[in-house]
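What follows is a set of notes on a single structure, which appears directly below.
The values are calculated or read from the model by the stated rules, or taken from the named source; none is laboratory data. Nothing here was measured: the structure is a model prediction, and the numbers come from that model. All Cβ positions, glycine included, derive from the backbone under ideal geometry; neighbour counts span all protein chains shown. Heavy atoms of the whole protein, side chains included, go into the accessibility calculation; ligands, DNA and RNA do not. Shrake-Rupley method; radii C 1.70, N 1.55, O 1.52, S 1.80 Å.
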Amino acid sequence: MTAPSATPPPTPPTPPTPPSVSEREARQVAEAAREATWRKPSFAKELFLGRFRLDLIHPYPALSTESVQRGEEFLAELRTFCETKIDSARIEREARIPDETINGLKELGALGMKIGTEYGGLGLSQVHYNRALALVSSVSPAIAALLSAHQSIGVPQPLKMFGTQEQREAFLPRCARTDISAFLLTEPDVGSDPARLATTAVPDGEDYVLDGVKLWTTNGVVADLLVVMARVPEGDGHKGGITAFVVEAAADGVTVENRNAFMGLRGIENGVTRFHRVRVPARHRIGPEGAGLKIALTTLNTGRLSLPAMCVGTGKWCLKIAREWSAAREQWGKPIGRHEAVGSKVAFIAATTFALEAVVDLSSHMADEDRNDIRIEAALAKLYGSEMGWLMADELVQLRGGRGFETAASLAARGERAVPAEQVLRDLRINRIFEGSTEIMHLLIAREAVDAHLSVAGDLIAPDTPLRDKARAGAKAGAFYARWLPRLVTGAGQLPRSYAQFHPPGHRDLASHLRYVERCARKLARSTFYGMSRWQGRLEAKQGFLGRIVDIGAELFAMSAACVRAERLRLDGAHGAEAYRLADAFCQQSRVRVEELFGRLWSNTDALDRAVASDVLGGAYTWVEEGILDPSGDGPWIADATPGPARVPTVHRPVR
């Protein structure tokens, strides 16, 4: 007898080709992923509308006694661990976090800082979680990046917000103690334009079949669990769209093809991950089909706070080194910090560190209080923290002189203190790109800032709106602006005694700065309205104008946060006079930047720059490039990401 032939396994469906989308279609995808409603008040949203709602941030939010105690106890344990178990020089030298360090963090419970106690986590507040990241980042930004990517955007946060109870029970205990997670959205040819997402998840029975390649997967090299964004094709019984899945990193068909190396964060475990016919159970889908981008953006509302928290830790370290070095180094008969040229840099670092901590601390308290919608506040914190953190590190390198450019290892080899200033500068540079580049953050925040205008006048300024709809939109907009515009003429900022509680006897005058913020908020709202009136539907292309609008809002938010934090410290009896002086110094510095930004709204080189850039791209100035050699290697600008089997052995290495 002949044995019956085995039935071959079914062949998974062939994934569709990556979509080709127009600019308009890409914008529609991004718009559909936004949270379209505002169910809670927002201080920053009101600020952009010209309404200075001090009552939304003052009195300062407070944590419960139990939450504070739990958080402070963990911070004490974490500090001891950082002091005794983390060798930052070794991580920089070997470009890898030692396994024993990662396992020590697991034992400490650091993987579960943001996971509830019912799932084996620590259940820390957002305030103490961000303080923990600030502490760790001062020792090793690479470790802080690992912890942040795991908890802020990895598996725990989206499951906490959108997962089923079954999913939470299955995955959160693992994430709290043993398993590292990663978030996979970016692809070789897809960055901030998710409409072109090429990774697919094709329904097949009770599973989905994943195919595609993901780039810059932070934690991807060592991850046990992945959050993957993939496109589900529309079909019978399937809505389709970009969808989020929890994927086991050890599943068949998952290959980490490369561990990427960078100018900074040399210990970061960031890679290229390929999915080839990876079967994912439908029960591992997070939320409904098509909700992936909305889940990702909502997760980032508070997740973005982790990055500026790490900038706070670095700013504090920069301040310490600036203070010690500027007092020890003497030139022309006195410490260099006593010379105005250097002292101004020290003052900038001190004032900015105080203000940035105020922004993160206030936003974190607001996240814990859950009374306000902080989507704009968190985005502003990320934008402002990454930009100002970089400037502080750059100023530290400058005031350290040649020693700032020298590596810590070289300094130690010749007998001097091993201060890694150049490493900090390299490590911080990615923050202006991570989790939304500065340019993308400008556009994201600007979209939220003009949301109220678009809701009443969007059809009026859209070029393809029918005339009948324009007439209806005109009536709606007229009613809104008839009420709104008159309120931008006068306000509390013009009354000399407004916010008097911020000028207590014996302290610097912060009330005047809050009056300035109130006046500038109304001016900012008027400027936005003038821009809409002038350019109408073309406003979205005026990215220079919108970027400056956002930067002004960021400065006003930072000034507000600095003032209310100084008052909080005064009432608590903790360095009140010193906090008031730092807040005053920051506000004075910030006001100079705000005035410059207001001037550049209408006097700038934007139009000329666009014309020159167009000429450059058209090849008009290639003669300017003559006289050099390009040391770049050969190869395509963007690597081939065609779906298919892995071409190299995996470099995935789970830490056990």
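For His513, are the conditions met, namely being in contact (Cβ under 8 Å) with a residue 40 or more places away in the chain and either under 29 Å from Ala36 (Cβ atoms) or in contact with a strand residue (DSSP E or B) (Cβ under 9 Å, 6 or more places away or on another chain) (or both)?
Details: in contact (Cβ under 8 Å) with a residue 40 or more places away in the chain: yes; either under 29 Å from Ala36 (Cβ atoms) or in contact with a strand residue (DSSP E or B) (Cβ under 9 Å, 6 or more places away or on another chain) (or both): no.
Here the answer is no, as His513 does not meet what is asked.
Taking region 331-352 as the region of interest, how many residues are open to solvent by less than 20 Å² (accessible area, probe 1.4 Å) and of a type in the set (S, T, N, Q)?
Residues in region 331-352 being open to solvent by less than 20 Å² (accessible area, probe 1.4 Å) and of a type in the set (S, T, N, Q): 1 in total.
Taking the stated definitions as given, is Ala492 modelled with pLDDT under 95, aliphatic (A, V, I, L, M), open to solvent by 20 Å² or more (accessible area, probe 1.4 Å) and over 26 Å from Leu383 (Cβ atoms)? Quick ask: steps written out before the conclusion?
On the way: modelled with pLDDT under 95: no; aliphatic (A, V, I, L, M): yes; open to solvent by 20 Å² or more (accessible area, probe 1.4 Å): yes; over 26 Å from Leu383 (Cβ atoms): yes.
Taking the combined requirement at face value, the residue does not satisfy it.
Would you confirm whether or not region 413-425 contains a residue that is assigned to a helix (DSSP H, G or I), closer than 23 Å to Ala351 by Cα, open to solvent by less than 10 Å² (accessible area, probe 1.4 Å) and at pLDDT 95 or above? Let's see the steps before the verdict.
Within region 413-425, the first condition is being assigned to a helix (DSSP H, G or I), and the residues that meet it are 413, 421-425.
Those still in the list that are closer than 23 Å to Ala351 by Cα too: 421-425.
Add one more test, that the residue is open to solvent by less than 10 Å² (accessible area, probe 1.4 Å), and what stays is 421.
When the remaining residues are screened for being at pLDDT 95 or above, the result is 421.
Looking for residues that are assigned to a helix (DSSP H, G or I), closer than 23 Å to Ala351 by Cα, open to solvent by less than 10 Å² (accessible area, probe 1.4 Å) and at pLDDT 95 or above, one finds at least one in region 413-425, hence yes.
In region 534-581, what residues are open to solvent by less than 60 Å² (accessible area, probe 1.4 Å), under 16 Å from Val450 (Cβ atoms) and without any contact (Cβ under 8 Å) to a residue 12 or more places away in the chain?
Trp535
Looking only at region 127-140, count every residue that is out of contact with any Asp or Glu (no Cβ under 9 Å at 6 or more places or on another chain) and surrounded by fewer than 24 Cβ atoms within 10 Å (Cβ to Cβ) and tell me the total. Walk me through it before giving the result.
Looking only at region 127-140, we keep the residues that are out of contact with any Asp or Glu (no Cβ under 9 Å at 6 or more places or on another chain), and these are 129, 132-133, 135-136, 138.
Next cut, surrounded by fewer than 24 Cβ atoms within 10 Å (Cβ to Cβ) only: 135, 138.
Number of matching residues: 2.
Does region 582-621 hold any residues that are open to solvent by 70 Å² or more (accessible area, probe 1.4 Å), hydroxyl-bearing (Ser, Thr, Tyr) and in a helix (DSSP H, G or I), and which are they?
Hit for region 582-621 is Ser614, nothing else.
Taking the condition of being among the charged types (D, E, K, R) and out of contact with any Asp or Glu (no Cβ under 9 Å at 6 or more places or on another chain), how many residues in region 359-389 meet it? Working first, answer last.
Just the residues of region 359-389 that are among the charged types (D, E, K, R), to begin with: 361, 368-371, 373, 375, 377, 382, 387.
Pick out the ones that are also out of contact with any Asp or Glu (no Cβ under 9 Å at 6 or more places or on another chain) and you get 361, 368-371, 377.
The qualifying residues number 6.
Out of Glu369, Glu377, report the one residue that is touching a residue at least 60 places away in the same chain (Cβ under 8 Å) and out of contact with any helix residue (DSSP H, G or I) (no Cβ under 9 Å at 6 or more places or on another chain). Give the steps one after another, and end with the answer.
Details: Glu377 fails: out of contact with any helix residue (DSSP H, G or I) (no Cβ under 9 Å at 6 or more places or on another chain).
None of the other options fit; the residue is Glu369.
Cβ-Cβ under 6 Å, sequence separation 6+ or interchain: first residue in region 91-106 and within 18 Å of Ser138 (Cβ to Cβ), partner surrounded by fewer than 18 Cβ atoms within 10 Å (Cβ to Cβ) and not hydroxyl-bearing (Ser, Thr, Tyr). Which pairs?
Gly104/Lys85
Taking Leu185 as the residue in question, decide whether it is under 16 Å from Gly436 (Cα atoms), crowded, with 22+ Cβ neighbours inside 10 Å and not basic (Lys, Arg).
Numbers: under 16 Å from Gly436 (Cα atoms): yes; crowded, with 22+ Cβ neighbours inside 10 Å: yes; not basic (Lys, Arg): yes.
Here the answer is yes, as Leu185 does meet what is asked.
Kindly indicate which of Glu107, Glu118 is closer than 23 Å to Asp370 by Cα, more than 20 Å from the chain's Cα centre (by Cα) and assigned to a helix (DSSP H, G or I).
Numbers: Glu107 fails: closer than 23 Å to Asp370 by Cα.
Going through Glu107, Glu118 in turn, just one is closer than 23 Å to Asp370 by Cα, more than 20 Å from the chain's Cα centre (by Cα) and assigned to a helix (DSSP H, G or I): Glu118.
Listed here are the residues, each with its yes/no results for (1) in contact (Cβ under 8 Å) with a residue 12 or more places away in the chain; (2) within 19 Å of Thr528 (Cβ to Cβ); (3) more than 34 Å from the chain's Cα centre (by Cα); (4) in a helix (DSSP H, G or I).
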| residue | (1), (2), (3), (4) |
| --- | --- |
| Leu454 | no, yes, no, yes |
| Gly458 | yes, yes, no, yes |
| Thr465 | no, no, yes, no |
| Arg468 | no, no, yes, yes |
| Ala473 | yes, yes, yes, yes |
| Ala477 | yes, yes, no, yes |
| Tyr481 | yes, yes, no, yes |
| Leu485 | yes, yes, no, yes |
| Pro505 | no, no, yes, no |
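Is it the case that some residue within region 52-72 is assigned to a helix (DSSP H, G or I), among the aliphatic types (A, V, I, L, M) and farther than 30 Å from Tyr530 by Cβ?
Just the residues of region 52-72 that are assigned to a helix (DSSP H, G or I), to begin with: 54-56, 65-72.
Those still in the list that are among the aliphatic types (A, V, I, L, M) too: 54, 56, 68.
With the extra rule that they be farther than 30 Å from Tyr530 by Cβ, the set shrinks to 68.
Checked against the condition, which is being assigned to a helix (DSSP H, G or I), among the aliphatic types (A, V, I, L, M) and farther than 30 Å from Tyr530 by Cβ, region 52-72 yields at least one hit.
For the list (1) part of a strand (DSSP E or B); (2) open to solvent by 50 Å² or more (accessible area, probe 1.4 Å), I need the number of the one condition that Pro173 fails.
The single condition Pro173 does not satisfy is (1).
Just one of Ser527, Ser512 is under 22 Å from Glu357 (Cα atoms), at pLDDT 95 or above, of a type in the set (Gly, Ala, Ser) and in a helix (DSSP H, G or I); which is it? Please lay out each step first, then the result.
Values: Ser527 fails: under 22 Å from Glu357 (Cα atoms).
Answer to the selection: Ser512.
Please pick out the residue among Ile180, Ile143, Ile242 that is closer than 17 Å to Ile295 by Cα and either open to solvent by 40 Å² or more (accessible area, probe 1.4 Å) or in contact with a helix residue (DSSP H, G or I) (Cβ under 9 Å, 6 or more places away or on another chain) (or both).
Working: Ile180 fails: closer than 17 Å to Ile295 by Cα; Ile143 fails: closer than 17 Å to Ile295 by Cα.
Result: Ile242 is the single residue among Ile180, Ile143, Ile242 that is closer than 17 Å to Ile295 by Cα and either open to solvent by 40 Å² or more (accessible area, probe 1.4 Å) or in contact with a helix residue (DSSP H, G or I) (Cβ under 9 Å, 6 or more places away or on another chain) (or both).
Identify the residue in region 223-237 that is surrounded by fewer than 24 Cβ atoms within 10 Å (Cβ to Cβ) and not in a strand (DSSP E or B) and, among all such residues, is farthest from the chain's Cα centre (by Cα).
Asp236
Which one is surrounded by the fewest Cβ atoms within 10 Å (Cβ to Cβ) among residues in region 245-276 that are of a type in the set (A, V, I, L, M, F, W, C) and under 20 Å from Val202 (Cβ atoms)? First the steps, then the outcome.
Our first condition is that a residue be of a type in the set (A, V, I, L, M, F, W, C); within region 245-276, this holds for 245-247, 249-251, 254, 256, 261-263, 265, 268, 272, 275.
Going one step further and asking which of them are under 20 Å from Val202 (Cβ atoms), we end up with 245-247, 251, 254, 275.
Working: Phe245: 22, Val246: 22, Val247: 27, Ala251: 13, Val254: 22, Phe275: 27.
Here the residue is Ala251.
Within region 622-656, can you find the residues that are charged (D, E, K, R), out of contact with any Asp or Glu (no Cβ under 9 Å at 6 or more places or on another chain) and open to solvent by 100 Å² or more (accessible area, probe 1.4 Å)? Please lay out each step first, then the result.
As a first pass, look at region 622-656 and keep what is charged (D, E, K, R): 625-626, 630, 634, 640, 647, 653, 656.
Then drop every residue that is not out of contact with any Asp or Glu (no Cβ under 9 Å at 6 or more places or on another chain), which leaves 625-626, 630, 634, 640.
If the condition is that a residue be charged (D, E, K, R), out of contact with any Asp or Glu (no Cβ under 9 Å at 6 or more places or on another chain) and open to solvent by 100 Å² or more (accessible area, probe 1.4 Å), then Glu625, Glu626, Asp630, Asp634 are the ones that fit.
For region 454-470, which residues satisfy the criterion of being at pLDDT below 75 and among the small types (Gly, Ala, Ser)?
The answer is Gly458, Ala462.
Go through region 87-104 and count every residue that is open to solvent by less than 60 Å² (accessible area, probe 1.4 Å) and not in a helix (DSSP H, G or I).
Total meeting the criteria: 3.
Would you be able to say whether some residue in region 321-330 is more than 30 Å from Ala32 (Cβ to Cβ), surrounded by fewer than 18 Cβ atoms within 10 Å (Cβ to Cβ) and of a type in the set (A, V, I, L, M, F, W, C)? First the steps, then the outcome.
Keep residues of region 321-330 that are more than 30 Å from Ala32 (Cβ to Cβ), which gives 321-330.
Applying the additional criterion that residues be surrounded by fewer than 18 Cβ atoms within 10 Å (Cβ to Cβ) yields 323-324, 327-330.
Now drop any that are not of a type in the set (A, V, I, L, M, F, W, C), which leaves 327-328.
Scanning region 321-330 turns up at least one residue that is more than 30 Å from Ala32 (Cβ to Cβ), surrounded by fewer than 18 Cβ atoms within 10 Å (Cβ to Cβ) and of a type in the set (A, V, I, L, M, F, W, C).
Show the residue pairs that are 6+ apart or on different chains and have beta-carbon atoms under 6 Å apart, the first residue being within region 632-656 and without any contact (Cβ under 8 Å) to a residue 60 or more places away in the chain and over 18 Å from Glu187 (Cβ atoms), the second being assigned to a loop (DSSP other than H, G, I, E, B) and acidic (Asp, Glu).
none
Run down Leu383, Leu428 and say which single residue is open to solvent by less than 50 Å² (accessible area, probe 1.4 Å), part of a helix (DSSP H, G or I), in contact with a Gly (Cβ under 7 Å, 6 or more places away or on another chain) and touching a residue at least 40 places away in the same chain (Cβ under 8 Å). Step through it out loud before you land on a result.
Working: Leu383 fails: in contact with a Gly (Cβ under 7 Å, 6 or more places away or on another chain).
Exactly one residue qualifies, and that residue is Leu428.
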